[in-house]
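Below: the structure, in structure tokens.
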Amino acid sequence: MGFELDAQNAEHWANIYSSSASGFMGKVLAHSDTLKPLTDGTVKGFRFSVSQKTNGRKAWHNRHGMPYVGIALTGIDLGNKRVLGNAWGIQPFISYQLLQFKKFSVRTDFGLGLAYITRKYSPSHNPTNVAISTSINYWATANLTSSFKFSNQFNLTAGIETNHFSNGAIKKPNYGLNIVGLSFGFTYNPERDKLDNCKKEVYLENSDSKSQLGIVILAGIKETGPAGGEKYYPLSISMEYLMPLAQSYPLMAGLDIMFDKSTRFHIELSGKHYSPVNDDFQVGIKTGLQIPFNRLSLHGHLGWYLYNKNPRLPLYYQKVGIRYRLSRTSQVQLELKTHLNIADHVGVGYAISI
């Protein structure tokens, strides 16, 4: 769902570029006892990125405080080459500055991309890798980095990095990998251009926009139970009410109606009687927020089951996703549903405003 746009004056910046290189060392956090035998080694890697400071010519540049946007390349030794192998990834990211002093600054980075894992699960060749079962995986990061100005062009950096790899339960096993560690490196900044003090017309989101009601239809694919088991195709329809209470981050409340035949596996494993078609339906309520970036937006939702909760899963669930606006009333969507650190499935679909 999109908002009305108003023309307003905003500052424009000339283009400011940056490139950085860093080394990374850390550990895989074993969130299951099954993973512990695979995660004794030390994770090591490198990261190279190029970025540009947003220049104020788009609405979200000003709403988000003129962040840096860029793309990162990485290579990571996952600490167990025989079983887990290496990860090679590419990832768009956004960087927000939190603190700024004369020679010291702190920023936070968020990124979402894809990674190729060189060693995946195989029942015959690599049966102990319960973490990763597909070569291509989602790669998400959240980093906190401090920077010390060494010269006009070079900064020294040190930070805390987190990495997550998963295939979204498209194929089992999929425990995923959560990695936390420290990074050290440097950033190169070419000579900065001066601020263009001219006030120019920019289209900014109108904070007085009306609330909107929307419908979201999603279809997904998942594997439940042992590796190589039956595949299921969950469907969902959601009613969402978007409230522009915050200019940059509209709030949302909604109702989910879900059809997922994989619930039968959990019901029967719990020793209960499975009764189709009734047991295939679930209903939940959710709340969350949306972060708009012009036509693209990110969203995060926290939901609670009201009807037919899965007997082997928590009462609550989470959803994170990306939407791309095709018109004033329609968007395409990619969304991951999880139960804490356990991915449920990835869904693709269509959102329409009423």
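Spot the failing condition for His273; the list is (1) in contact with a strand residue (DSSP E or B) (Cβ under 9 Å, 6 or more places away or on another chain); (2) open to solvent by 50 Å² or more (accessible area, probe 1.4 Å), and only one is missed.
Failed condition: (1).
Kindly indicate the residue of region 249-300 that is β-branched (Val, Ile, Thr) and at pLDDT below 95 and also nearest to Gly65 (Cα to Cα) among those meeting that condition.
Filtering region 249-300 for residues β-branched (Val, Ile, Thr) gives 257, 263, 267, 277, 283, 285, 287, 291.
In the following step, the residues that additionally are at pLDDT below 95 were identified as 263, 267, 277, 291.
Values: Thr263: 44, Ile267: 49, Val277: 50, Ile291: 13 Å.
So the residue we want is Ile291.
Please go through region 291-321 and give me each residue that is touching a residue at least 40 places away in the same chain (Cβ under 8 Å), open to solvent by 50 Å² or more (accessible area, probe 1.4 Å) and on the phi < 0 side of the Ramachandran plot, ordered by number. Before the answer, list the steps.
Residues of region 291-321 that are touching a residue at least 40 places away in the same chain (Cβ under 8 Å), as a first pass: 291-294, 299, 301, 303, 308, 310-313.
Keeping just the survivors that are open to solvent by 50 Å² or more (accessible area, probe 1.4 Å) gives 294, 312.
Correct list: Arg312 only.
So, in region 229-270, exactly how many residues are open to solvent by 70 Å² or more (accessible area, probe 1.4 Å), over 15 Å from Lys337 (Cα atoms), in a loop (DSSP other than H, G, I, E, B) and not basic (Lys, Arg)?
4
Going by what's in this entry, would Gly181 be described as touching a Phe, Trp or Tyr at 6+ places or on another chain (Cβ under 6 Å), modelled with pLDDT of 75 or more and assigned to a strand (DSSP E or B)?
When the stated conditions are applied, Gly181 passes them.
I need the full set of residues from region 24-41 which are closer than 15 Å to Thr162 by Cα and either open to solvent by less than 30 Å² (accessible area, probe 1.4 Å) or touching a Leu at 6+ places or on another chain (Cβ under 7 Å) (or both), in order please. Show your work before the answer.
Residues of region 24-41 that are closer than 15 Å to Thr162 by Cα, as a first pass: 24-31.
The answer is Phe24, Met25, Gly26, Val28.
Based on this model, can you work out whether Lys81 counts as at pLDDT 90 or above, open to solvent by 60 Å² or more (accessible area, probe 1.4 Å) and not aliphatic (A, V, I, L, M)? Please lay out each step first, then the result.
Details: at pLDDT 90 or above: yes; open to solvent by 60 Å² or more (accessible area, probe 1.4 Å): yes; not aliphatic (A, V, I, L, M): yes.
Answer is yes for this residue.
How many residues does region 141-156 hold that are surrounded by fewer than 20 Cβ atoms within 10 Å (Cβ to Cβ) and part of a strand (DSSP E or B)?
7
Evaluate region 97-116: report whether one residue or more is of a type in the set (Ser, Thr, Tyr), assigned to a loop (DSSP other than H, G, I, E, B), modelled with pLDDT of 95 or more and under 30 Å from Asp33 (Cα atoms). Explain how you work it out, then say what you get.
Initially, region 97-116 is screened for residues of a type in the set (Ser, Thr, Tyr), giving 105, 108, 116.
Filter again for assigned to a loop (DSSP other than H, G, I, E, B), leaving none.
Looking for residues that are of a type in the set (Ser, Thr, Tyr), assigned to a loop (DSSP other than H, G, I, E, B), modelled with pLDDT of 95 or more and under 30 Å from Asp33 (Cα atoms), one finds none in region 97-116, hence no.
So is Gln91 more than 25 Å from Gly229 (Cβ to Cβ) and either in contact with a Lys or Arg (Cβ under 8 Å, 6 or more places away or on another chain) or open to solvent by less than 10 Å² (accessible area, probe 1.4 Å) (or both) or not? It would help to see each step written out before you state the result.
Values: more than 25 Å from Gly229 (Cβ to Cβ): yes; either in contact with a Lys or Arg (Cβ under 8 Å, 6 or more places away or on another chain) or open to solvent by less than 10 Å² (accessible area, probe 1.4 Å) (or both): yes.
Against the criterion (more than 25 Å from Gly229 (Cβ to Cβ) and either in contact with a Lys or Arg (Cβ under 8 Å, 6 or more places away or on another chain) or open to solvent by less than 10 Å² (accessible area, probe 1.4 Å) (or both)), Gln91 qualifies.
If you go through region 152-163 one residue at a time, do you hit one that is closer than 16 Å to Asn80 by Cβ and either acidic (Asp, Glu) or at pLDDT 95 or above (or both)? Outline the logic, then answer.
Step one: filter region 152-163 for residues closer than 16 Å to Asn80 by Cβ, giving 163.
Now restrict to residues that are either acidic (Asp, Glu) or at pLDDT 95 or above (or both): 163.
Yes, the conditions are met somewhere in region 152-163.
Exactly one condition in (1) small (Gly, Ala, Ser); (2) out of contact with any His (no Cβ under 8 Å at 6 or more places or on another chain); (3) under 30 Å from Pro244 (Cα atoms) is not met by Ser270; state its number.
(3)
Out of all the residues in region 13-23, which are surrounded by 15 or more Cβ atoms within 10 Å (Cβ to Cβ) and among the polar types (S, T, N, Q)?
Listed by number, the residues that qualify are Ser18, Ser20, Ser22.
Search region 42-57 for residues being closer than 22 Å to Thr128 by Cα and part of a strand (DSSP E or B), and hand back the single one that is least open to solvent (accessible area, probe 1.4 Å).
Filtering region 42-57 for residues that are closer than 22 Å to Thr128 by Cα and part of a strand (DSSP E or B), the one least open to solvent (accessible area, probe 1.4 Å) comes out as Val43.
Could you please give the count of residues in region 276-287 that are open to solvent by less than 20 Å² (accessible area, probe 1.4 Å) and in a strand (DSSP E or B)?
Result for region 276-287: 3.
Test Asn310 against the stated conditions and say whether it is more than 30 Å from Asn55 (Cα to Cα), of a type in the set (S, T, N, Q) and in contact with a strand residue (DSSP E or B) (Cβ under 9 Å, 6 or more places away or on another chain). Full working, then the answer.
On the way: more than 30 Å from Asn55 (Cα to Cα): yes; of a type in the set (S, T, N, Q): yes; in contact with a strand residue (DSSP E or B) (Cβ under 9 Å, 6 or more places away or on another chain): yes.
In short, yes.
May I ask you to say which residue of Ala142, Ala158, Ala169 is at positive phi and in contact (Cβ under 8 Å) with a residue 12 or more places away in the chain? Even if it seems obvious, please write down each step before you answer.
Working: Ala142 fails: at positive phi; Ala158 fails: at positive phi.
Checking each option against the conditions leaves just Ala169.
For region 121-138, check the following and say yes or no: at least one residue is part of a strand (DSSP E or B) and touching a residue at least 60 places away in the same chain (Cβ under 8 Å). If you could, list the steps in order and put the result at the bottom.
Within region 121-138, the first condition is being part of a strand (DSSP E or B), and the residues that meet it are 122, 126, 136-138.
Okay, now just the ones that are also touching a residue at least 60 places away in the same chain (Cβ under 8 Å), so 138.
The answer is yes; a qualifying residue exists.
Suppose the filter is open to solvent by 40 Å² or more (accessible area, probe 1.4 Å) and of a type outside the set (S, T, N, Q); does Pro123 pass it?
Yes; evaluated as a whole, the condition is true for this residue.
The values are calculated or read from the model by the stated rules, or taken from the named source; none is laboratory data. The structure displayed is predicted, hence computed values, not measured ones. We place every Cβ from the backbone using ideal geometry, glycine too, and count neighbours over all the protein chains shown. The protein model used for the area step is the full one, side chains on, heavy atoms only, and it has no ligands, DNA or RNA in it. Shrake-Rupley method; radii C 1.70, N 1.55, O 1.52, S 1.80 Å.
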